[in-house]
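What follows is a set of notes on a single structure, which appears directly below.
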Amino acid sequence: MTPLVHATTPGGYLLVLAVILPVCAVLAIIACGPRSAARIAMITLAAGLVVATATARELMSSGTALSYVVGAWQPPLGIALRADGLAGAMLVMTAVVVVAVGLFARAQYGLQESAGEGRAQATFWMMLLALWSALNAVFIGEDLFNLYVALELLTFAAVPLVCLDGRAETVSAALRYLLFALIGSLLYLLGCGLIYGQYGTLDLLALSRLSRSDPALFAALALMIVGLLAKAALFPLHLWLPPAHAGAPAPASAILSALVIKAPVFLILRLVLDVAPPQAAAIVGQLLAVLGAASILFCSVMALRQARLKLMIAYSTVAQIGYLFIVFPLASGSADLPPWGTIAWTGGALQLISHALAKAAMFLAAGVIAQAFGHDRIADLGGFGRVLPLSAVAFGLAGLSLMGIPPSGGFIAKCLLLTAAVVEGYPWLAATILAGGLLAGAYVFRVINKALAVPAVPIQPRRTVPQRLEYAALALAAAAVLLGFVPLRPFGLLQIGRGDVNLAWTP
């Protein structure tokens, strides 16, 4: 047999647009100046949402993955882009969250007259668009080194968003985030070097056919997965996330918690399913499940103990990420059933999407609350639901998804994972899922109780917050609930491109 050749498919150009469109917008902002930043960003957000939706529609209509070979140069010399069903779902989820956060930021940060405010706003929009491009590149990339470049771009776009306000504590949190991210990148790059030295290629689809059980591959996977775990903030490598996400401005916190930490999780999934040999994948899956269960339990307790609302949501992020890692042993599949045909695969994907929508909604609602009252101390927020009813409803709806209460998307996801844990013989994972839901209910109801309380002295807002600022959070929370109407069975979109890889063999 001759070397494997990627084939460009109809609609593959959409993948190029998904990456290049936000980059062109960043260049346009630089050329046109700060005062045009918001206008250019809004146009790009609308266009990017159309591209993501068109990509998902093309996937569903064709039933096969989309591919594009840039410049017609085959890997390893060229770059190939590929979107299967899961990548298509991630593109749409990312576009929806970015658009909602962009609308929130547009309503919150109107362009001020001073030049300094204009530069700050332009920085926000440029970093948001650059981050969007990097995320899309991660979801559709096919080369491990190109994915490393995309991860670095993602880091260097996310770090400035953490310390956008310039306060000392946010700068400190951003530097800690940068340190963890760079250590993770170094480990990932070392793993890439080992794989290239062993196989002479970094193309994921080629590696899925070439990889075998050998020490070099095991060492490379160990380095890369540990590096990605640091970026994903899984327990016990989560120390950077709570101060970074809690201290960042609300739009930045929403993007960081909903999207940025999903990129390394997505890459871990691809490494385990597409590169690791079955024996190694089974061992890695068990270890990741243990860490995921520990993250659910420990960080849920930590969230329950927090005095600040945003810090509580940040610890909740680490806890909810744990559910994505307990998927690995549950979706291991069998000789007759591939991993992507299991209910655990659908449950994990729904958990990933519902968590992104719910967590973005929570951070945006918390941002409105902090802006209205000048703080986010939970103990001093008694009765805030009477002042900000839409934010209280948004927080409550998002909390339904985190707790796994019907009819939310989180309920469907956790129900599928719980069923898979019972069927596959993992009672300790089933108990972890139930315990995590109860702990999530405890810290969510702690806030809801404050929202509905009738304090002796009515709470007074320090400033008036436009009601339109609350709509973005409410829309995202409603979307997280609407995911609950997905059927309780393996979802067809998530299986597209897993069985057929859209590759041609040259004669």
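The values are calculated or read from the model by the stated rules, or taken from the named source; none is laboratory data. Computed from a predicted structure; not experimentally measured. Cβ atoms come from the backbone with ideal geometry, glycine included; neighbour counts cover every protein chain shown.
From the list 475, 431, 435, the one residue that fits, being touching a residue at least 60 places away in the same chain (Cβ under 8 Å), in a helix (DSSP H, G or I) and out of contact with any Leu (no Cβ under 8 Å at 6 or more places or on another chain), is 475. Taking the stated definitions as given, is residue 325 surrounded by fewer than 24 Cβ atoms within 10 Å (Cβ to Cβ) and of a type in the set (Phe, Trp, Tyr)? Taking the combined requirement at face value, the residue does not satisfy it. Restricting attention to segment 457-488 and to residues that are within 18 Å of residue 347 (Cβ to Cβ) and not aliphatic (A, V, I, L, M), the residue that is modelled with the lowest pLDDT turns out to be 487. Every listed requirement among (1) closer than 27 Å to residue 98 by Cβ; (2) hydrophobic (A, V, I, L, M, F, W, C); (3) buried (at least 23 other Cβ atoms within 10 Å of the Cβ) is met by residue 384 save one, (1). Collect the residues in segment 11-27 that are over 22 Å from the mean Cα position of the chain (by Cα) and either acidic (Asp, Glu) or over 10 Å from residue 126 (Cα atoms) (or both), keeping them in residue-number order. Listed by number, the residues that qualify are 11, 12, 13, 24. Among residues of segment 193-211 that are closer than 19 Å to residue 281 by Cα, those with a beta-carbon under 7 Å from a residue that is surrounded by fewer than 19 Cβ atoms within 10 Å (Cβ to Cβ) and modelled with pLDDT under 80 at least six positions away or on a different chain give the pairs 199/210; 202/76; 203/76; 205/503.
Does residue 246 satisfy being touching a strand residue (DSSP E or B) at 6+ places or on another chain (Cβ under 9 Å), buried (at least 21 other Cβ atoms within 10 Å of the Cβ), assigned to a helix (DSSP H, G or I) and in contact (Cβ under 8 Å) with a residue 12 or more places away in the chain? Yes; evaluated as a whole, the condition is true for this residue. Within segment 124-171, work out how many residues are touching a helix residue (DSSP H, G or I) at 6+ places or on another chain (Cβ under 7 Å) and free of Cβ contacts under 8 Å to residues at least 12 places away in the same chain. Residues in segment 124-171 being touching a helix residue (DSSP H, G or I) at 6+ places or on another chain (Cβ under 7 Å) and free of Cβ contacts under 8 Å to residues at least 12 places away in the same chain: 0 in total.
Among the candidates 291, 269, 237, the residue that is out of contact with any Leu (no Cβ under 6 Å at 6 or more places or on another chain) and either closer than 24 Å to residue 190 by Cα or in a loop (DSSP other than H, G, I, E, B) (or both) is uniquely 269. Do the conditions hold for residue 376, that is, is it in contact with a helix residue (DSSP H, G or I) (Cβ under 9 Å, 6 or more places away or on another chain), at pLDDT below 85 and acidic (Asp, Glu)? Taking the combined requirement at face value, the residue satisfies it. Considered as a group, the residues in segment 266-319 that are β-branched (Val, Ile, Thr) and within 26 Å of residue 248 (Cβ to Cβ) include one that is surrounded by the fewest Cβ atoms within 10 Å (Cβ to Cβ), and that residue is 301. The condition of being of a type in the set (Gly, Ala, Ser) and modelled with pLDDT of 85 or more holds for residue 442.
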